[in-house]
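Read the structure below first, then the notes.
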Amino acid sequence: MTDRILILNGPNLNLLGTREPATYGSETLSDVEATCERLGAELGFEVSTFQSNHEGALVDKIQEAGREATGVVFNPGAYSHTSIALRDAISGSGALVVEVHISNIHARERFRHHSHITPVAKGMICGLGTEGYLLAIRALAVHMKR
Ligand code: CA2
């Protein structure tokens with residue numbers, strides 16, 4: 001493992017802070033990324049960020065993280081509930097992933113209760129708002145062998 005962490009966000013998370021504040025809070029994605037960069041630096045990590053609305057672009061990033069032994073904080077958005085490709089990218093590349101959901105997916109619609117990502121993630125944090133990203137960085141700091 002290296003000293004690198006990737007903050008990876010999936011579809012529609014570029015809209016954070018622009019609507020649905022009751023569910024997703026009022027911080028923008030840039031706010032969240034900046035806070036992650038600050039905490040990561042404090043803990044001695046080089047932090048990079050990436051958001052895409054496209055499944056294949058997320059697959060590419062996970063494969064790269066696996067090759068480079070970069071730890072990943074991953075909010076797969078709605079792809080959590082649908083994407084076997086993202087699950088396979090994690091298990092196939094060996095990427096160390098902590099899955100994050102801002103909302104409590106178990107307290108929402110039934111179709112959000114299952115995530116294809118959770119079984120191949122090191123752990124999953126949900127329902128704690130954007131604080132979940134910071135908790136995931138702290139978890140990676142413990143679980144990445146540096
Ligand atoms: O709670 C989460 O973080 C989710 O991953 C967010 C996804 C949702 O499909 C998952 O079930 C749970 C949705 C992301 C959409 O983000 C928006 C943010 C602000 C405004 C509109 C959408």
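The values are calculated or read from the model by the stated rules, or taken from the named source; none is laboratory data. Everything numeric in this text was worked out from a predicted model, so none of it was measured. We place every Cβ from the backbone using ideal geometry, glycine too, and count neighbours over all the protein chains shown.
What do you reckon, is residue 53 closer than 14 Å to residue 13 by Cβ and surrounded by fewer than 21 Cβ atoms within 10 Å (Cβ to Cβ)? If you could, list the steps in order and put the result at the bottom.
Values: closer than 14 Å to residue 13 by Cβ: yes; surrounded by fewer than 21 Cβ atoms within 10 Å (Cβ to Cβ): yes.
Taking the combined requirement at face value, the residue satisfies it.
Taking residue 67 as the residue in question, decide whether it is surrounded by fewer than 21 Cβ atoms within 10 Å (Cβ to Cβ) and either closer than 15 Å to residue 144 by Cα or in contact with a Phe, Trp or Tyr (Cβ under 8 Å, 6 or more places away or on another chain) (or both).
yes
What do you reckon, is residue 96 at pLDDT 95 or above, within 20 Å of residue 134 (Cα to Cα), surrounded by fewer than 16 Cβ atoms within 10 Å (Cβ to Cβ) and in contact with a Leu (Cβ under 9 Å, 6 or more places away or on another chain)?
Judged against the criteria, residue 96 is not a match.
Report, by residue number, each residue of segment 1-51 that is near the ligand (Cβ under 9 Å from one of its atoms) and either in a loop (DSSP other than H, G, I, E, B) or basic (Lys, Arg) (or both).
10, 11, 12, 16, 17, 18, 19, 20, 25
Residue-wise test of (1) crowded, with 16+ Cβ neighbours inside 10 Å; (2) within 15 Å of the ligand (Cβ to nearest atom); (3) hydrophobic (A, V, I, L, M, F, W, C); (4) modelled with pLDDT of 95 or more.
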{"residue": "109", "(1), (2), (3), (4)": "no, yes, no, yes"}
{"residue": "116", "(1), (2), (3), (4)": "yes, yes, no, yes"}
{"residue": "131", "(1), (2), (3), (4)": "no, yes, no, yes"}
{"residue": "134", "(1), (2), (3), (4)": "yes, yes, yes, yes"}
{"residue": "137", "(1), (2), (3), (4)": "yes, no, yes, yes"}
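Considering 30, 103, which residue is polar (S, T, N, Q), in contact with a helix residue (DSSP H, G or I) (Cβ under 8 Å, 6 or more places away or on another chain) and modelled with pLDDT of 95 or more?
Exactly one residue qualifies, and that residue is 103.
List every residue pair whose Cβ atoms sit under 7 Å apart, with the two residues 6 or more apart in sequence or on different chains, where the first one lies in segment 111-127 and is farther than 11 Å from residue 80 by Cβ and the second, anywhere, is part of a strand (DSSP E or B) and within 10 Å of the ligand (Cβ to nearest atom).
Partner pairs satisfying both residue conditions: 125/100.
Among the numbered criteria (1) under 26 Å from residue 113 (Cβ atoms); (2) without any contact (Cβ under 8 Å) to a residue 40 or more places away in the chain; (3) exposed (fewer than 14 other Cβ atoms within 10 Å of the Cβ); (4) among the hydroxyl-bearing types (Ser, Thr, Tyr), which single criterion is violated by residue 83?
(3)
Quick one: which residue in 15, 58 is buried (at least 16 other Cβ atoms within 10 Å of the Cβ), closer than 20 Å to residue 126 by Cβ and touching a helix residue (DSSP H, G or I) at 6+ places or on another chain (Cβ under 9 Å)?
The conditions single out 58.
Go through segment 65-82 and give me each residue that's within 18 Å of residue 122 (Cβ to Cβ) and within 16 Å of the ligand (Cβ to nearest atom).
72, 73, 74, 75, 76, 80
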